[in-house]
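Below you'll find the structure, written out as structure tokens, and then a few comments.
The values are calculated or read from the model by the stated rules, or taken from the named source; none is laboratory data. Everything numeric in this text was worked out from a predicted model, so none of it was measured. Cβ coordinates were reconstructed from backbone atoms using ideal geometry, including for glycine residues, and neighbour counts include every protein chain displayed. Calculation scope for accessible area: heavy atoms of the full protein, side chains included, ligands and nucleic acids excluded. Shrake-Rupley method; radii C 1.70, N 1.55, O 1.52, S 1.80 Å.
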Amino acid sequence: MARELKVLDALDSAKTQWYHFTAIVIAGMGFFTDAYDLFSISLVTKLLGRIYYFDPASATPGSLPPNVSAAVNGVAFCGTLTGQLFFGWLGDKMGRKKVYGMTLMIMVLCCVASGLSFGSSANGVMATLCFFRFWLGFGIGGDYPLSATIMSEYANKRTRGAFIAAVFAMQGFGNLTGGIVAIIVSSAFKERFDAPAYRDDPAGSTVPQADYAWRIVLMFGAVPALLTYYWRMKMPETARYTALVAKNTKQATSDMARVLNVDLAAEDPEEEKPGRREQFGLFSKEFARRHGRHLLGTTVCWFVLDIAFYSQNLFQKDIYTAVGWLPKADTMNALQEMFKISRAQTLVALCGTIPGYWFTVFLIDVIGRFAIQLGGFFFMTVFMLGLAVPYHHWTTPGNQVGFIVMFSFTFFFANFGPNSTTFIVPAEIFPARLRSTCHGISAAAGKAGAIVGSFGFLYAAQSTDPAKTDAGYQPGIGVRNSLFVLAGCNVVGFLFTFLVPESKGKSLEELSGEHEEDDEPEMSSATTELGITSPPPAAGSK
């Protein structure tokens with residue numbers, strides 16, 4: 001039975017070793033690329049509008065039409081959702097290692113292809129970009145369940161949360177690097193190809209060479225992923241998959257002995273019982289009884305979290321403009337605008353996003369997943385209401401710094417909170433044979449939330465005054481009311497957190513109930529072999 005497999009006991013009690021850190025880097029670089037690719041698009045959408053949708057008769061710079069903007073921002077999430085479901089299922093069917101390399105190569109190829117988007121018209125270029133970003137998202141989607149599952153199955157139970165959180169924390173560095181790369185590229189092009197502000201020379205404010213700037217930013221995401229491909233292919237299959245799903249304990253022992261310095265005595269094949277009962281599936285009543293509310297909790301929490309998180313991330317440039325932190329677009333040329341947007345987002349990533357991730361890494365195995373997620377949703381609600389209620393105060397000149405500080409705190413508590421824990425917990429609480437699938441379902445629910453956030457916020461945040469909306473948009477509910485809606489999403493996440501169990505300090509088999517499900521058939525078969533039957537109930541007993 002699972003709890004008696006020596007290789008799993010050895011993994012749970014193993015000391016932290018160099019290979020654990022190697023696995024964090026190998027898996028983490030996939031997430032570095034994920035974040036870079038998903039969020040770097042928000043750094044260049046204003047530039048895309050100026051290049052491809054310039055109107056010489058307009059008093060304002062060109063901007064992406066509403067449908068194009070929604071597609072460019074959201075299509076990668078559609079691909080990610082599909083990839084999470086497909087590769088999550090495939091990781092349980094074929095094994096984590098066999099699928100792991102596929103996702104990385106898809107990401108690398110589509111990163112490069114996104115930067116090479118072509119077309120004979122503006123809409124043609126955008127259509128090509130959306131096509132490649134969908135498949136980029138498909139590869140990114142596979143990385144979510146596979147990286148989380150692999151790290152959880154390699155780690156010991158004392159530091160498992162910190163290891164999975166460290167993999168996910170690489171998203172923060174990917175986000176930060178995207179901003180830094182965009183700053184470097186826009187600065188270099190701006191220095192080499194100087195141009196006047198839009199209001200001084202509408203046509204001359206966007207130099208032809210700016211078309212290379214956004215392509216370089218998008219293509220750079222392939223570099224870190226490509227560098228880790230070899231090491232990802234060298235990783236052995238996880239012992240838990242090999243022992244519990246493939247039923248090959250001897251191979252599991254051999255694989256782990258190659259990479260971890262632990263005493264792993266080979267299992268006696270005679271001890272492995274082939275006659276176990278058929279294990280329940282994802283759509284069975286038994287799964288619903290044992291894990292149904294857990295899956296409901298992980299999916300709903302991730303869904304509402306990503307509505308708020310991706311709304312903030314993708315459209316922070318619009319929020320900064322609304323509160324006056326960024327200059328008016330017509331006072332800058334195209335590369336200046338790209339530089340200022342990148343600088344603003346990099347500052348928020350550095351001050352709010354990255355610290356939140358690493359607070360989680362250092363504290364998750366101390367205070368637990370439940371407390372961090374509950375506290376994160378609570379403080380996200382508090383700070384969003386702190387932005388929304390006195391919103392007119394924040395938009396008056398001189399108060400923008402206070403707004404950015406408050407806005408940064410919402411990112412801090414998202415990452416020192418549900419953005420990290422919703423990724424970690426689904427990789428711990430489900431059975432090994434369904435772990436990758438259930439993580440994929442939970443993550444796909446999150447990306448459904450991201451799609452709602454990326455498409456919905458784009459329209460909802462438009463001004464209620466028709467004269468102040470962006471070109472092509474209908475009046476919305478405004479940034480202030482949008483912040484109230486996002487705060488409401490956080491309240492829902494707070495409540496559904498109570499459906500998710502605490503996993504701190506417990507083995508994966510204890511959390512998933514696999515030791516219980518294996519105990520029962522073995523006890524039954526043992527008593528049958530010995531001819532032992534249950535005695536009839538005594539007279540008068542119930």
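Regarding the stretch 326-412, what's the average projected area of the Cα-atom convex hull, expressed in nm²?
The directionally averaged projection comes out at 6.7 nm².
When the Kirkwood radius is taken over all Cα pairs of the stretch 149-262, what Stokes-Einstein diffusion coefficient follows at 4 °C and 1.567 mPa s, in µm²/s?
Numbers: Rh = 18.4 Å.
Here the translational diffusion coefficient equals 71 µm²/s.
Quick one: if you take sqrt(5λ) for each eigenvalue of the C-alpha gyration tensor of the stretch 1-150, what semi-axes come out, biggest first, whole angstrom?
Value: 41, 15, 11 Å, ordered largest first.
Percentage of Cα-Cα pair distances in the stretch 62-203 greater than 22 Å, rounded to whole percent?
Working: 5532 of 10011 pairs.
For the stretch 62-203, the fraction of Cα-Cα distances above 22 Å is 55 percent.
Kindly report the accessible area of the stretch 135-242 per residue (heavy atoms of protein chains, probe 1.4 Å, no ligands, DNA or RNA), in Å². Working shown, then result.
Details: 3730 Å² over 108 residues.
Per residue, the stretch 135-242 has 35 Å² of solvent-accessible surface.
Please label the shape of the stretch 120-200 as rounded, prolate or oblate, based on the square roots a ≥ b ≥ c of the eigenvalues of the alpha-carbon gyration tensor (a/c under 1.5 means rounded; beyond that, a/b larger than b/c means prolate, else oblate).
oblate
Please compute the length gained on full extension between residue 286 and residue 406, using 0.36 nm multiplied by the number of residues separating them and subtracting their Cα-Cα distance.
Additional length available on full extension: 38.7 nm.
Roughly what % of Cα-Cα distances in the stretch 386-456 sit above 15 Å, to the whole percent?
68 percent
Compute the acute angle (0 to 90°) between the alpha-carbon long axis of helix 210-219 and the principal axis of greatest extent of the alpha-carbon atoms of the chain; round to the nearest 10°.
The angle comes out near 10 degrees.
Please state the charge dipole magnitude for the stretch 380-503, taken about the Cα centre, from unit charges on C-beta atoms (+1 on K and R, -1 on D and E), reported in debye and rounded to the nearest 20.
Value, rounded to 20: 180 debye.
Rounded to the nearest 10 Å², what accessible area does residue 90 have for a 1.4 Å probe in the complete protein model?
20 Å²
Which FRET efficiency value, to the nearest 0.05, is calculated for residue 510 and residue 118 with the Förster distance at 35 angstrom and r the Cβ-Cβ distance? Before the final figure, lay out the partial values.
On the way: r = 54 Å, r/R0 = 1.54.
Efficiency at R0 = 35 Å is approximately 0.05.
How much net charge surrounds residue 299 when only other residues with a Cβ under 13 Å from its Cβ are counted (Lys, Arg +1; Asp, Glu -1)?
+1
For the chain, what is the calculated [θ] at 222 nm in deg cm²/dmol (nearest 500), taking -39500 (n - 2.57) for each run of four or more DSSP H residues and dividing by its residue count?
My calculation for the chain gives -23000 deg cm²/dmol from helical runs alone.
Per 5 Å bin from zero, what fraction in whole % of the C-alpha pairs of the stretch 101-167 is there, up to the bin with the longest pair?
It works out to 4, 17, 19, 14, 12, 11, 9, 6, 5, 2, 1, 0, in whole percents.
Counting just the Cα atoms, what span does the stretch 331-477 cover along each of its three principal axes? Round to the nearest Å and put the largest first.
Taking max minus min along each principal axis of the Cα atoms, the stretch 331-477 gives 55, 33, 31 Å.
Using a 1.4 angstrom probe on the protein heavy atoms only, line up 290, 160 by accessible area, largest first.
290, 160
Taking all protein chains as present, what is the carbon and sulfur share of the accessible area of the chain, in % to the nearest whole number, probe 1.4 Å?
Carbon and sulfur: 65 percent of the exposed surface of the chain.
State whether the stretch 456-503 is rounded, prolate or oblate according to the following rule on the C-alpha gyration tensor (a ≥ b ≥ c being the square roots of its eigenvalues): a/c under 1.5 gives rounded; otherwise a/b larger than b/c gives prolate, and the remaining case gives oblate.
prolate
Explain nothing, just the number: dipole magnitude of the stretch 1-148 about its Cα centre with +1 on each Lys and Arg Cβ and -1 on each Asp and Glu Cβ, in debye rounded to the nearest 20.
It works out to roughly 180 debye.
What dipole magnitude, in Debye to the nearest 20, does the chain give about its Cα centre under +1 on Lys/Arg Cβ and -1 on Asp/Glu Cβ?
Around 700 debye, computed over the chain.
How large is log10 of I(q)/I(0) for the chain at q = 0.05, 0.08 Å⁻¹ when the intensity is taken from the Debye formula with one equal scatterer per alpha-carbon?
Debye output, listed in q order: -0.23, -0.54.
Can you give the accessible area of residue 211, probe radius 1.4 Å, in Å² rounded to 10?
The value for residue 211 is about 40 Å².
Could you please state, rounded to a whole Å, how far the C-alpha centre of the stretch 161-230 is from the C-alpha centre of the stretch 382-448?
24 Å
Going highest first, how would you order 366-373, 387-394, 441-448 by mean Cβ packing within 10 Å?
My ranking of the peptides, most packed first, is 441-448, 366-373, 387-394.
Output the peptides 183-189, 143-149 sorted from most to least packed, where packing is the average of other Cβ atoms within 10 Å over each peptide's residues.
143-149, 183-189
Under 15 Å from the Cβ of residue 80, count the other residues' Cβ atoms, weight Lys and Arg +1, Asp and Glu -1, and hand me the total.
-2
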